[in-house]
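Note sheet for the following structure.
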Amino acid sequence: MALEGTLKDFNLPDIFQLIGYQRKTGLLTLTRDGEQITVSLQDGNVVWASPGDEALDEMVGRALVKHGLISQGVAEGLLRKRRETHQGLIYLLLKHGNVQPLEVQRVVEVKVREVLYRVFRWRDGRYQFTALPKLDLTHGQIDPMSAENVLMEAVRQIDEWPLIQRQLPSLDLKVSKEEGQAGAVDVEKLTPAERAVLELADGRSTAREIAEASGLGEFDAAKAIADLLASGVLMLASDQAEARAVAAARGPRVTPAWLSQGLLAGALAAVLFLHVSLGRQDPLHLLPATGEGVAGWDLLRRHKLQADLWEVERSLHMYLLTTGHLPAHLEALADAGYLSRRLLYDPWGQPLRYQAQGLQYRLEGSRPLPPSPR
């Protein structure tokens, strides 16, 4: 399978969809301005992403130090030994027993996902996919992520970054508690991510440092900080003039070409949806129909349902990890701040169907999900 070109000609979501649909195994190399990211895919699933083994090891080392799992001296010693022996940092950590394997794996997964989702914000660059019969995963791997799930999370992050940047113009700004508000806040009503960043906001640490120390990753930590800034619980340690200067120095935000195309396609789909739903017909046959005769506008809703259920399941898992049990009803997720209330209903306006028994649950909408690609 030969796949090579520029991201302006063939955007990143289309590349992932193609590889995922064909269940290919190989390496996807993305480059721009001297920067290179390599994504390893196995049977169409992402199992690794790295800016280079040495660069990733340095990222993991910094995160372990910020998270308090190893000292700065230990990290520097391990990195020196890495350069001397050409053995990976993860291997050296596990070999010498500096950190528990599960703690290492958790930090590594956060960093690999940061690398992966960061490339979706690239506005240009080149790509090359090399198909392989088998991957070399000796450098590391994470739990497989389907191309579909990668794209849904990437779109979510890109969609929410502008909202985050309104409150937090730069991750290099220091964040502190607003003492008048922080003392009165009901901590139990905060999300786990908000509780984590609130505890670390000391006025001396930047948002980037808080993200590393919390173990949440840049996006989730930035979102939690932005939400607390909006509610007045946190404040920027620097004054607003400096914050605006940092934002101005970053330059205007340019929407990636593939996202602009996606928004245009979404607008077109909305127009077609209104036309079809109001007229109950599609005289030009502009929308596809499935083999079972499901109209294209209904199929779009089913794909939306699939994405929404994935988001609700994430909230259920976070609730379970935090409380030790599943909620009796989905409204409890919204009440506790884990989920937006709009996600309690499916795209047809019907409440999601949810039943929980012990640690098992059943979650579905009023219509079946779209058929899986064959």
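Quickly run through the range 332-357 and pick out the residues that are in a loop (DSSP other than H, G, I, E, B) and without any contact (Cβ under 8 Å) to a residue 12 or more places away in the chain.
Residues of the range 332-357 that are in a loop (DSSP other than H, G, I, E, B), as a first pass: 336-340, 346-350, 352.
Result: 340, 349.
Name the helices (runs of 4 or more DSSP H) wholly inside the range 86-181 in which the number of residues that are at pLDDT 85 or above and outside the structural domain of residue 216 (by TED's automatic domain parsing) is 2 or more. Steps first, please.
Numbers: elements: 89-96, 101-118, 147-167.
In the range 86-181, the matching helices (runs of 4 or more DSSP H) lie at 101-118, 147-167.
For residue 106, state whether it is among the basic types (Lys, Arg) and under 24 Å from residue 34 (Cβ atoms). Before you say what the answer is, go through the steps one by one.
Details: among the basic types (Lys, Arg): yes; under 24 Å from residue 34 (Cβ atoms): no.
So residue 106 fails the test.
List every residue pair whose Cβ atoms lie under 8 Å apart, where the two residues are 6 or more positions apart in sequence or sit on different chains, the first residue falls within the range 8-20 and is basic (Lys, Arg), and the second residue, located anywhere, is modelled with pLDDT of 85 or more.
What qualifies is 8/124.
Scan the range 17-29 and give yes if some residue there is basic (Lys, Arg) and closer than 27 Å to residue 90 by Cβ, otherwise no.
yes
Suppose we keep only residues that are surrounded by 14 or more Cβ atoms within 10 Å (Cβ to Cβ) and either of a type in the set (Asp, Glu) or at pLDDT below 85 (or both) within the range 320-335. Which one would you say is nearest to residue 364 (Cα to Cα)?
For the range 320-335, the residue satisfying everything is 331.
Quick one: count up the residues across the range 127-147 that are more than 22 Å from the chain's Cα centre (by Cα) and over 29 Å from residue 104 (Cβ atoms). First the steps, then the outcome.
Filtering the range 127-147 down to residues more than 22 Å from the chain's Cα centre (by Cα) leaves 128-139.
Imposing the further condition that a residue be over 29 Å from residue 104 (Cβ atoms) reduces the set to 128-129, 131, 133.
Qualifying residue count for the region: 4.
Report yes if some residue within the range 354-367 is among the hydrophobic types (A, V, I, L, M, F, W, C), out of contact with any Phe, Trp or Tyr (no Cβ under 8 Å at 6 or more places or on another chain) and modelled with pLDDT under 85; otherwise report no. Steps first, please.
Filtering the range 354-367 down to residues among the hydrophobic types (A, V, I, L, M, F, W, C) leaves 356, 359, 363.
So of that shortlist, the ones also out of contact with any Phe, Trp or Tyr (no Cβ under 8 Å at 6 or more places or on another chain) come out as 356, 359.
Narrowing further to those that are modelled with pLDDT under 85: 359.
The answer is yes; a qualifying residue exists.
Criterion first (under 15 Å from the mean Cα position of the chain (by Cα) and not basic (Lys, Arg)) does residue 115 satisfy it? Give the steps one after another, and end with the answer.
Details: under 15 Å from the mean Cα position of the chain (by Cα): yes; not basic (Lys, Arg): yes.
Answer is yes for this residue.
Report yes if some residue within the range 64-73 is in contact (Cβ under 8 Å) with a residue 60 or more places away in the chain and surrounded by fewer than 16 Cβ atoms within 10 Å (Cβ to Cβ); otherwise report no.
Within the range 64-73, one or more residues are in contact (Cβ under 8 Å) with a residue 60 or more places away in the chain and surrounded by fewer than 16 Cβ atoms within 10 Å (Cβ to Cβ).
Restricting the range 92-136 to residues that are free of Cβ contacts under 8 Å to residues at least 40 places away in the same chain and loosely packed, with under 15 Cβ neighbours inside 10 Å, which is farthest from residue 69 (Cα to Cα)?
The residue in question is 136.
Has the range 137-144 got any residue that is on the phi > 0 side of the Ramachandran plot and either surrounded by fewer than 17 Cβ atoms within 10 Å (Cβ to Cβ) or without any contact (Cβ under 8 Å) to a residue 12 or more places away in the chain (or both)?
Going residue by residue through the range 137-144, those that are on the phi > 0 side of the Ramachandran plot are 140.
Subsequent filtering for residues that are either surrounded by fewer than 17 Cβ atoms within 10 Å (Cβ to Cβ) or without any contact (Cβ under 8 Å) to a residue 12 or more places away in the chain (or both) retains none.
Taking every residue of the range 137-144 in turn, none turns out to be on the phi > 0 side of the Ramachandran plot and either surrounded by fewer than 17 Cβ atoms within 10 Å (Cβ to Cβ) or without any contact (Cβ under 8 Å) to a residue 12 or more places away in the chain (or both).
Of the residues 211, 201, only one is in contact with a Lys or Arg (Cβ under 8 Å, 6 or more places away or on another chain), free of Cβ contacts under 8 Å to residues at least 60 places away in the same chain and buried (at least 21 other Cβ atoms within 10 Å of the Cβ); which? Even if it seems obvious, please write down each step before you answer.
Details: 211 fails: in contact with a Lys or Arg (Cβ under 8 Å, 6 or more places away or on another chain).
Result: 201 is the single residue among 211, 201 that is in contact with a Lys or Arg (Cβ under 8 Å, 6 or more places away or on another chain), free of Cβ contacts under 8 Å to residues at least 60 places away in the same chain and buried (at least 21 other Cβ atoms within 10 Å of the Cβ).
Tell me, yes or no, whether the range 13-27 has at least one residue that is over 23 Å from residue 148 (Cβ atoms) and part of a loop (DSSP other than H, G, I, E, B). Full working, then the answer.
Let us first name the residues in the range 13-27 that are over 23 Å from residue 148 (Cβ atoms), namely none.
No, there is no match, as no residue in the range 13-27 is over 23 Å from residue 148 (Cβ atoms) and part of a loop (DSSP other than H, G, I, E, B).
So which of 34, 88, 5 is surrounded by fewer than 21 Cβ atoms within 10 Å (Cβ to Cβ), on the phi > 0 side of the Ramachandran plot and touching a residue at least 12 places away in the same chain (Cβ under 8 Å)? Break it down into steps so the answer makes sense when it comes.
Working: 34 fails: touching a residue at least 12 places away in the same chain (Cβ under 8 Å); 88 fails: on the phi > 0 side of the Ramachandran plot.
Result: 5 is the single residue among 34, 88, 5 that is surrounded by fewer than 21 Cβ atoms within 10 Å (Cβ to Cβ), on the phi > 0 side of the Ramachandran plot and touching a residue at least 12 places away in the same chain (Cβ under 8 Å).
Go over the candidates 42, 22, 36 one by one and state the one that is under 21 Å from the mean Cα position of the chain (by Cα) and either within 20 Å of residue 5 (Cβ to Cβ) or not assigned by TED's automatic domain parsing to the domain that holds residue 103 (or both).
On the way: 42 fails: either within 20 Å of residue 5 (Cβ to Cβ) or not assigned by TED's automatic domain parsing to the domain that holds residue 103 (or both); 22 fails: under 21 Å from the mean Cα position of the chain (by Cα).
Testing whether each residue is under 21 Å from the mean Cα position of the chain (by Cα) and either within 20 Å of residue 5 (Cβ to Cβ) or not assigned by TED's automatic domain parsing to the domain that holds residue 103 (or both) leaves just 36.
The values are calculated or read from the model by the stated rules, or taken from the named source; none is laboratory data. These figures come from a predicted structure and were not determined experimentally. So basically every Cβ, Gly included, is an ideal-geometry build from the backbone, and we count neighbours across all protein chains shown.
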